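What follows draws every value from the coordinates through simple rules; no lab data is involved. Remember, it's a predicted structure, so these values are computed and weren't measured experimentally. FYI the Cβ positions are ideal-geometry reconstructions off the backbone, even for glycines, and counts take in every protein chain you see.
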Amino acid sequence: MADYKFDGEKLKLRSTVIANVRGDNIRKGTGSTTVANIRDGDIRSGTGSTKLANVRGTDIRQGSGSTRIGTMKDVDKAIDGPGGVTKAALWYMFVR
C-alpha cells in the first residue's frame with residue numbers, strides 16, 4: 001500500500017495535503033500557486049511552456065527527450081488513486 005493517496009483532486013501524504021489539482025494545473029499544498037501544468041502528455045513548469053517531463057505510453061521521460069526517469073508502475077507503487085498523466089505529474093513534482 002502506497003503512502004501517498006490521490007482522490008482526483010488532492011494528493012495527500014497520510015492526512016497532509018501535498019498538492020491540489022484544478023483542471024490542468026497542479027498547485028502546491030492547498031494554495032493557488034501553480035507549480036506545473038499538463039498539456040498533451042507533457043508536464044510543464046508553472047503556467048509556462050517549459051517542458052519538465054513527458055509521458056509516452058508507460059514511460060515518463062526527462063524534458064522533451066527520450067531519457068526514461070520512471071514508469072507508470074513506479075507511479076502506481078507510490079500513489080494510490082485514479083489518473084494517468086496527472087498522477088505521473090504529481091509523482092514527478094512531489095514524490096520521486
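The H on the amide N of T58, modeled in the peptide plane, is under 5 Å from the matching H of no residue at least 5 residues off or on a different chain. For G81, nonlocal amide neighbours, meaning residues 5 or more places apart or on other chains whose placed amide H falls under 5 Å from its own, are F6.
Rounding to the nearest 20 debye, state how big the charge dipole of the chain is about its Cα centre with +1 on each Lys and Arg Cβ and -1 on each Asp and Glu Cβ. If you can, show how the numbers build up before the last one.
Numbers: 17 positive and 10 negative charges, 37 e Å.
That gives the chain a dipole magnitude of about 180 debye.
Working note: 222 nm ellipticity from helices only, DSSP H runs with n ≥ 4, each -39,500 (n - 2.57), summed and divided by the residues of the chain, gives -3000 deg cm²/dmol to the nearest 500.
For region 4-95, what is the convex hull volume of its Cα atoms per residue in Å³? Walk me through the numbers on the way to the answer.
Values: hull volume 7.0 nm³, N = 92.
Taking the convex hull of the Cα positions in region 4-95, it is 76 Å³ per residue.
The phi torsions of region 49-56, fed into the Karplus equation with coefficients 6.51, -1.76 and 1.60 and a -60° offset, translate into couplings of 10, 6, 6, 8, 7, 9, 10, 10 Hz, rounded to whole numbers, with Gly and Pro shown as x. Within 10 Å, Cβ to Cβ, of R14, how many net charges do the neighbouring residues add up to if Lys/Arg are +1 and Asp/Glu are -1? Overall, the nearby charge balance is +1. Net length available on complete extension from L13 to T67 is 16.6 nm, with 0.36 nm assigned per residue and the Cα-Cα distance removed.
Here the gap between S32 and S49, fully extended at 0.36 nm per residue and compared with their Cα-Cα distance, gives a gain of 4.3 nm. Distances between placed amide hydrogens fall under 5 Å for V35 paired with I26, R27, K28, all partners being 5 or more residues away or on another chain. Coupling constants for region 3-17 follow from the phi torsions by the Karplus curve (6.51 cos²θ - 1.76 cosθ + 1.60, θ = phi - 60°), and in residue order they are 6, 8, 10, 10, 9, x, 10, 10, 9, 10, 10, 6, 10, 8, 7 Hz; glycine and proline get x.
In summary, the lysines within cross-link reach of K77, defined as a Cα separation below 19 angstrom excluding same-chain residues under 8 places away, comprise K5, K10, K12, K87. Across region 28-33, coupling constants 3J(HN,Hα) worked out from phi with the 6.51/-1.76/1.60 Karplus curve, θ = phi - 60°, read 6, x, 9, x, 10, 7 Hz, and Gly and Pro carry x.
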